[in-house]
Structures are given as C-alpha cells and as structure tokens.
Amino acid sequence: MEKFSYASPKTVKETVALLDQKTNSNPGQVEVLAGGTDLIAMMKEYLATPKLVVNIKDVHELHGIRPEKGWVSIGAATTLDDLAENQMIRTKYPSLYEAAVGITSPQIRNMGTVGGDLCQRPRCWYFRNGYGLLAMDNGKPLVPNGENRFHAILDNSGPAYFVSPSSFGPALVALGAKVKAISSSGAREIPAAEFFVKPTSETQREISLKPNELVTAILIPENVGKNTTYEIRERQAMDWPLAAAAVDLKMNGGTISQARVVLGHVAPTPFAATAADQFLAGKSIDEKTAEEAGRQAVQSATPLSQNAYKVRLAQVAVKRALLQAGGKA
Amino acid sequence: MSAKPPRPPVDRETKPKRSNFSRRGFIQGLGVGGGVLSGGLLETALPNAAEAAPATIGPDPVTITLRLNGKSTQVAVEPRTTLLDALRNRLGMTGVKRVCDRGACGACTMIINGKVMYGCTVLAIDAQGKNIETIEGLAPEGKYHPVSEAFVNNDAQQCGFCTPGFVMAAKNFIDLHPDPTLEDVEKGLGGNFCRCGTYVGIRPAVLEAAKKMKGGARNA
C-alpha cells in the first residue's frame, strides 16, 4: 500500500470540504473510506493510490434508517448488518434484506456499508490485475477471447465486459430508488437506474458519481409492491453471485398490475429486463408464468465464449424471485 | 470503558494546504509528547471547525491508543497500517493470523465493539476508541475458554492456522445466537475458511460450546 494522509471528519460539511480541495485537479487523489472492504484491498494491490483517505464512519449524519417524506432514507454509512437487522426492511423491503444477507460473510456484513456496496469497484479479474476497467491490451479487448466465465452476458457489445458488483443495485433499480449525493456544488438525487453507467472509455467510472461527490443516502419509495432478490452463487459462503434477479410486483388483487424485473451480475450495470416486465403485466404468479418471464428476461443475451451457463442461471433466478415474491416458492 | 481515547493530534496550524508534515514537527509544534491531547485542547484550538475541512494526519507515523482485550496500549503507526499488522508487527500479538490479507479468509477475525471483523481490512488508526478482542484475551486466567475447549474435544483443527480466527468468530456467534441449529452455525461462520477442511469437527465443536456456555460456563 502507498502512504497516504488520513482525515476523519465528523460532519458531511467537513467531508465535502476534504473531498473538494484535493480532487479538482486529479481524480483518485482522495478516496472515501467507509467499511474499507473494497478500498483497503484496492490500495494493497496499488489499484487505488490516494494521497488522502477520508474516513466517513464517524460522520453521524450518514448512519441510520428513517422515513423522509414518502421515502425511506438509508444512510450511506449504515452497515449491511444494521440494514439486515432492521425489522421494517425485513418485512417491507425483502429485496434489500435478501441482498444484504446474500453477502455471506458476517465479518463483511459488520464492516461493509450500503454506500460502499454501490461504490465498490468491479470484480473483473483483468481489472483487479491491472489491465484497466476495460481490460485492453494494445487497444484490443482481452475479455471476449479470454477468461470470461464470470463476465457479462447482456449489454456486452463492449468496450465494457465486467459485471456490476453491487448487491443492492438490482433491487434499487427495481424499487425505483434514488441515490443522494453531495459535493461543494450542492446536493442532488440520482435515480438508481442512472447511478450505474456503462463506461465507454478508460477514464470513465462505472458509476455516475463525480470524484468530489459523496453518497449520503439511498432513498427507497414507501409505495412498493411485493419485492425480493434471488441470487445464485457457486459457494454458499463468501462468494459473489453468478446471477441475481430483483423483482418488484405491484399487485391488483391476484394480478400483477406492474412488474419490474432487474438482473444483477450479468451486465456492466443492473439490467432492467423490460421484456419480462411487459410479459408479466396483467398475469397472476404461477410456476408457468414465472418460467416464461425468466425466458423473456434473458432473450437478448449474447453470451461470450465461456459464460453461456449464466444465461440459464439468470433465467432461473428470475423464476425463483417471482415465485418467492408471490409466496409460491 | 470510560472516556473515548483521543484521536491523534491533528495539525491545526497548517491546514489544509500542507498535508505531509513530519510527525516530529507537529508534536513539537503542539508541545506534547506521545501524541496524546485532551479533547478540550482540540476543541479550543480550532474555533471554526464547522467551517473548514479538518486537518489531515500522516502519512508519517502517529501515536495512537488501542484498547486491546481491556487494556489501553499506545503504538506508533502510519495511517496505512492495518490493525492486523499493528498487532502482529508492532505489538507482538501473533495470535491473530495473516493469511489472505484481503478480507477473504477469516484468519485475522477479531471482535471489535462486539462484532466480528477482519483485522486485515481495518486501519489501525480507525480502531481507536474501540473495544478490540483477540484470541489472546480469551483465556486471561490461563484456562481454556469453552469454545477453545470444544475445538480440542472435537478435533476441530488440523494445521491450526485458521483456529484463532475461527474461535473468535464462534465465540461471537454464540454470544449473539445462544441456541443455534446446525444450519445457523454454518451460516454464522460463513466468514471463515479452513483449508484443511476440518468443518466436520468445527460444526459439533460450536454446538457443544453453545450448550456449555448456556449451562453457565464462563462467557468471557
């Protein structure tokens, strides 16, 4: 790890001042440290070499879950464990609860934060081994003909082939959540679907956060339907999902009036499966409908040389998420 | 514990443009040794704290106070030093093991403010003011803790390198789940690996320890 200076602000205002003064000229010079479960490993690999690390764990305003005018605000520094232990989250937002407990290491859940889950860097092994976010070698992409079994199967025409690592991303997009961010130029609310972006150049990030911006909270609408997240992973513990599906189903009696199906870990951003949404509208949830919705969700998949198996996994994740949300699992 | 140990002194005079001042320089400037300041002095030193960015610390070593197994200890570390490295390399506490050093194996598991965490992924400077428990604090009277005893009884280790982390994770898990099922144990210890594959011994060990601790055995 490179040497860095350290600051531990107590307020959002102080944090914003710290982020602003150093980053204007050089992105990556200042990093925000919350749970540290990604940043500290990134620094050990010299993939992050900040001059200043700003610890936000002691910023009181960034913690906690509270109602906020038709929304529920979850502070960015709220730990995954605190989120999973919250009874209201468990009953009303099982899509967030399931995503949080899907992070299957108690230690990581005790350390990691909600904001950190959104801002963590992709797990693509080319990126983690220094080939850059787009994994290029002499102008040629390495992923399509390389080791791509964990890479994207959707929205993967390049130049980005990694998958979005966020556990909450699919659920946030399905629920129509917003990400609150602040910088010295002011506060803004970013719809979750716009927070995650597919970079087209090496200098672009996979999230729309500016270098001097801080995620302060996520806002979840109070009015949500039957929702859940279903993840499929190789190992039962300490592993990222190979495919995941988050669903939010607004019901009219026994019929779905509006469905949102969003896939995770299969594309550079959480992938909104609008074909499945359209198919589900007006239907009731049963095994056959769920199965067909899964098929619709992955119909535009274009698997790479080693990852066709993920198409089937994503399809099954959608089916099981729908049955789980509908209480039929 | 009583008062929160103070954070290391921060440079109030030169903020924010100068970030790489020397440790010796700023300690002399503040006229204190050992890097310990009263909270009151810090408050009065900067009347406009809310207006400005707080000053930065490091990158050179600073003296911090850690509360380890109930005892306060001072150690000089750079901000980049992890809690694991501070304990092993600076304080001689080698019970906590360094294996993957990336928060992916559990060998460095310690209990911080009542929750299990990976010491390799916590900065030592961030751990100030927190109650840190390691395997060294588990048997203060030289007697086995019920968890350690159950690991021995059930042959729950082979090479033993993952054991201190596993024992700490198991101890914390039982404190939080006094009456666990086998499934609870498997989920609750999901953050620790044993590459020898002694899970077949670890599972009954945790169940046995849980029973004993419920039966009034010492719950350190």
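Quick notes on this structure:
- When each of A:Glu206, A:Glu222 is tested for being within 24 Å of A:Phe162 (Cβ to Cβ) and charged (D, E, K, R), the lone residue that passes is A:Glu206.
- Test: residue in region A:291-302 that is farther than 12 Å from A:Leu154 by Cβ, away from chain B (no Cβ under 14 Å) and touching a Gly at 6+ places or on another chain (Cβ under 8 Å): no
- Residues of region A:1-19 that are at the interface with chain B (Cβ under 7 Å from one of its Cβ atoms) and outside any loop (DSSP other than H, G, I, E, B): A:Ser5, A:Tyr6, A:Ala7, A:Lys13, A:Glu14, A:Ala17, A:Leu18.
- Residues satisfying the criterion are present in region A:276-290 (criterion: loosely packed, with under 14 Cβ neighbours inside 10 Å, more than 20 Å from the chain's Cα centre (by Cα) and basic (Lys, Arg)).
- Among the residues of region A:63-85, the one identified as without any contact (Cβ under 8 Å) to a residue 12 or more places away in the chain and within 13 Å of chain B (Cβ to nearest Cβ) is A:Glu85.
- Region A:116-128, residues that are in contact with a Leu (Cβ under 9 Å, 6 or more places away or on another chain) and not hydroxyl-bearing (Ser, Thr, Tyr): A:Gly116, A:Asp117, A:Leu118, A:Cys119, A:Gln120, A:Arg121, A:Pro122, A:Cys124, A:Phe127, A:Arg128
- Checking each residue in region A:86-113 for being touching a strand residue (DSSP E or B) at 6+ places or on another chain (Cβ under 9 Å), within 12 Å of chain B (Cβ to nearest Cβ) and in a helix (DSSP H, G or I) picks out A:Pro106, A:Gln107, A:Ile108, A:Arg109, A:Asn110, A:Met111.
- When region A:53-62 is limited to residues that are facing chain B (nearest Cβ under 10 Å) and surrounded by fewer than 23 Cβ atoms within 10 Å (Cβ to Cβ), the one that is farthest from A:Met1 (Cα to Cα) turns out to be A:Asp58.
- Only listed residue being away from chain B (no Cβ under 14 Å) and either more than 21 Å from A:Val32 (Cα to Cα) or without any contact (Cβ under 8 Å) to a residue 60 or more places away in the chain (or both), chosen from A:Ile207, A:Ile218, A:Ile190: A:Ile190
- Just one residue in the set B:Pro204, B:Pro178 is touching a Lys or Arg at 6+ places or on another chain (Cβ under 6 Å) and away from chain A (no Cβ under 13 Å); that residue is B:Pro178.
- Enumeration of residues in region B:115-133 that are touching a residue at least 60 places away in the same chain (Cβ under 8 Å), surrounded by fewer than 24 Cβ atoms within 10 Å (Cβ to Cβ) and under 21 Å from B:Val206 (Cβ atoms): B:Glu133
- Candidates A:Val224, A:Val247, A:Val215 - the one that is buried (at least 18 other Cβ atoms within 10 Å of the Cβ) and within 19 Å of A:Ile103 (Cα to Cα): A:Val247
A short reminder: the numbers here are calculations on the coordinates, not readings from a lab. All values reported here derive from a predicted model rather than from experimental measurement. So basically every Cβ, Gly included, is an ideal-geometry build from the backbone, and we count neighbours across all protein chains shown.
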